[in-house]
Amino acid sequence: MLKIILIDPARQLISETRIQPNHAAIFQLIGCKNLSLVWIAYETRIAFRKDLPEGNAPFFLLPGSPRLFGKGVIFGCQHDGTLCDVPLPVDEARRMVRWGRARAEPPTFLKRGLEAHRGL
């Protein structure tokens with residue numbers, strides 16, 4: 001079994017768990033096959049959704065990252081692509097992650113400003 005860190009912004013939960021050591025298990029855990037994989041540290045990657053959700057969706061942020069919507073999985077990966085246990089301690093992942101929720105509409109003050117700018 002492969003040790004990974006699961007980030008769930010809907011529940012604001014970061015947990016360490018074990019899955020089968022293959023990409024299909026990561027796809028299933030995130031609930032999507034359209035994923036981005038990004039290196040975040042030496043031999044450490046994160047998988048997250050590529051597509052942007054509609055409406056008021058929860059997201060998480062890592063230092064220097066854009067908003068990452070949906071669940072994320074942090075896992076170990078050697079340079080040849082072989083999956084391995086995540087080297088990052090779960091407590092360090094908890095310190096790195098920030099939570100947020102996307103707005104379905106712009107804030108009222110911004111909306112009024114846009115309407116004024118458009119001459120509405």
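The table below lists the values:
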| read-out | value |
| --- | --- |
| Wholly enclosed strands (runs of 3 or more DSSP E) of segment 1-86 bearing at least 1 residues over 19 Å from W99 (Cβ atoms) | 2-8, 13-19, 35-41, 44-49, 72-77 |
| Segment 12-26, residues that are within 13 Å of the chain's Cα centre (by Cα) and either charged (D, E, K, R) or modelled with pLDDT under 95 (or both) | I26 |
| Meets criteria (farther than 16 Å from D8 by Cβ and in contact with a Phe, Trp or Tyr (Cβ under 6 Å, 6 or more places away or on another chain)) for R45 | yes |
| Members of segment 87-120 found to be farther than 17 Å from L6 by Cβ and either at pLDDT 95 or above or in a helix (DSSP H, G or I) (or both), listed by number | T108, F109, L110, K111, R112, G113, L114, E115, A116, H117 |
| Per-region count, segment 42-71, residues without any contact (Cβ under 8 Å) to a residue 40 or more places away in the chain and of a type in the set (G, A, S) | 3 |
| Single residue of G31, G72, G64 found to be under 16 Å from R95 (Cα atoms) and modelled with pLDDT under 90 | G64 |
| Scope segment 25-36; condition in contact (Cβ under 8 Å) with a residue 24 or more places away in the chain and among the hydrophobic types (A, V, I, L, M, F, W, C); matching residues | I26, L29, I30, C32 |
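The values are calculated or read from the model by the stated rules, or taken from the named source; none is laboratory data. In this text, all values refer to a predicted model and were calculated from it rather than measured experimentally. Don't worry about glycine lacking a Cβ; one is built from the backbone with ideal geometry, like all the others, and counts go over all protein chains shown.
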